[in-house]
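Just so it is clear, none of the values below were taken in a lab; they were calculated from the coordinates. Because the structure is predicted, anything quoted here is derived from the model rather than measured. Cβ sites come from the backbone with ideal geometry, for glycine too, and all protein chains shown count toward neighbours.
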Amino acid sequence: MLISLVGMPGGGKSTVGKQLARRLRANFVDTDAAIERRIGQTIRTFFEEHGEAAFRDVESEVLRSLTGEAGAGPAVLATGGGIVLRPANRELLRKHSSVVYLHSGPEELFKRLRHDTVRPLLQGKDPLAKLRELYQQRHPLYQEVAHFTVETGRPSIATLVNTVLMQLELAGVLVPGFPQSPVENGNARR
Ligand code: S3P
């Protein structure tokens with residue numbers, strides 16, 4: 001059973017994902033962390049040295065191997081914000097996992113990412129304009145790949161995690177109740 005979180009950078013995928021995994025007693029995997037382990041350097045440096053296309057190639061390879069491990073046990077996968085750009089990645093995510101879109105608008109993201117120095121795409125002069133552009137391009141792709149959408153808005157992380165759990169329970173992906181126990185052959189499709 002695999003649950004994937006998709007959405008814009010700064011939308012809380014890693015934070016929510018970690019807590020969700022804890023609640024489900026599942027493994028937590030972060031594609032960005034897996035990529036950095038594979039390339040042996042930070043994503044920012046890799047972008048500078050090899051460019052975005054090379055990064056997307058590694059990202060696809062890492063996603064393919066992580067989704068291939070889906071049978072290995074329950075897991076929560078936090079993905080990089082640009083993972084949805086390639087149709088093959090969207091297909092892998094949708095086929096092998098229950099996909100949750102953590103939706104936030106560009107202004108809200110900007111508040112959280114104003115001081116970011118890690119994300120290569122946001123290091124330009126006008127990060128808000130960049131976030132707006134990325135949002136316009138990617139929002140339809142997140143919607144296309146997602147089985148579920150959760151608004152990040154104002155709620156606390158704990159509330160967000162509960163909302164995600166509730167949606168997965170209602171859809172029959174998870175058995176209701178706490179402590180959570182994943183359904184063996186969870187329904188990954190809408
Ligand atoms: C990217 C988002 C980052 C990381 C890379 C590219 C993007 O992940 O994969 O810097 O294209 O939006 P987060 O969404 O975790 O920041």
| message | So in the stretch 74-112, with the set limited to residues that are within 14 Å of the ligand (Cβ to nearest atom), more than 12 Å from the chain's Cα centre (by Cα) and within 26 Å of residue 154 (Cβ to Cβ), which one is surrounded by the most Cβ atoms within 10 Å (Cβ to Cβ)? | response | 109
| request: Considering only the stretch 115-131, state which residues are within 22 Å of residue 36 (Cα to Cα) and part of a helix (DSSP H, G or I). | output: 120, 121, 122
| said: Considering only residues that are loosely packed, with under 12 Cβ neighbours inside 10 Å and within 27 Å of residue 95 (Cβ to Cβ), which ones fall in the stretch 118-148? | reply: 136, 140
| query | Looking at the stretch 59-73, is at least one residue surrounded by 14 or more Cβ atoms within 10 Å (Cβ to Cβ), within 12 Å of the ligand (Cβ to nearest atom) and either in contact (Cβ under 8 Å) with a residue 40 or more places away in the chain or over 24 Å from residue 139 (Cβ atoms) (or both)? | reply | no
| query | Of all residues in the stretch 1-22 being part of a helix (DSSP H, G or I) and surrounded by fewer than 24 Cβ atoms within 10 Å (Cβ to Cβ), which is nearest to the ligand (Cβ to nearest atom)? | reply | 14
